[in-house]
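Peer 1: Take this structure first; my questions come after.
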Amino acid sequence: MSLLLVVASAAPARAAEQPLLPPDVRNLNLACNGSAVWTEKVTDDHGTLGKFDDDTETKHTRSGSGRVLVRFTETGGSFRLPPTFPGGKNGGWYSMSAVEVTEGLIVGRTKGLLGQSKSMVINRQSGEITLEFAGVTFSGACEKFVETPGARKF
């Protein structure tokens, strides 16, 4: 009779941790002013004609200006669209699943149906931002701001 010895690790398997962002990007808050373009579907209800529904659907290109807020933590980032943009009505922050920082760029990615997609690129020299999210293409310029909870503006 033989004895089979199995050795198991006492520590549970952990998912790969998100790497820390560089110190100059941690706790960075940006206010990005610019404009956006998106496509909106509009359905015109013409009633019914006999057995057939006589509705027509058209697509309209819309545009608007506003401020996108971007913030970074030690391990990632998030952004908030203005309420006038599609996807901005809930007032919530959208988290980025991955943030890559180089000397010249900050690239943020969000999780989509087909995995991660490039959604935000910020040029660290000029402050220019391009953001593609939920059918909205936003471009503008970012400025650093300090967010102090409870601080008065004036």
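The values are calculated or read from the model by the stated rules, or taken from the named source; none is laboratory data. Keep in mind that this is a model prediction, so the values were computed, not measured. The protein model used for the area step is the full one, side chains on, heavy atoms only, and it has no ligands, DNA or RNA in it. Shrake-Rupley method; radii C 1.70, N 1.55, O 1.52, S 1.80 Å.
Peer 1: Looking at this structure, is Ser65 open to solvent by 70 Å² or more (accessible area, probe 1.4 Å), of a type in the set (Gly, Ala, Ser) and modelled with pLDDT of 85 or more?
Peer 2: yes
Peer 1: Let me ask another. Filter the stretch 94-129 down to residues that are at pLDDT below 85 and of a type in the set (A, V, I, L, M) and give me whichever is nearest to Arg80 (Cα to Cα).
Peer 2: By that ranking, first place goes to Leu113.
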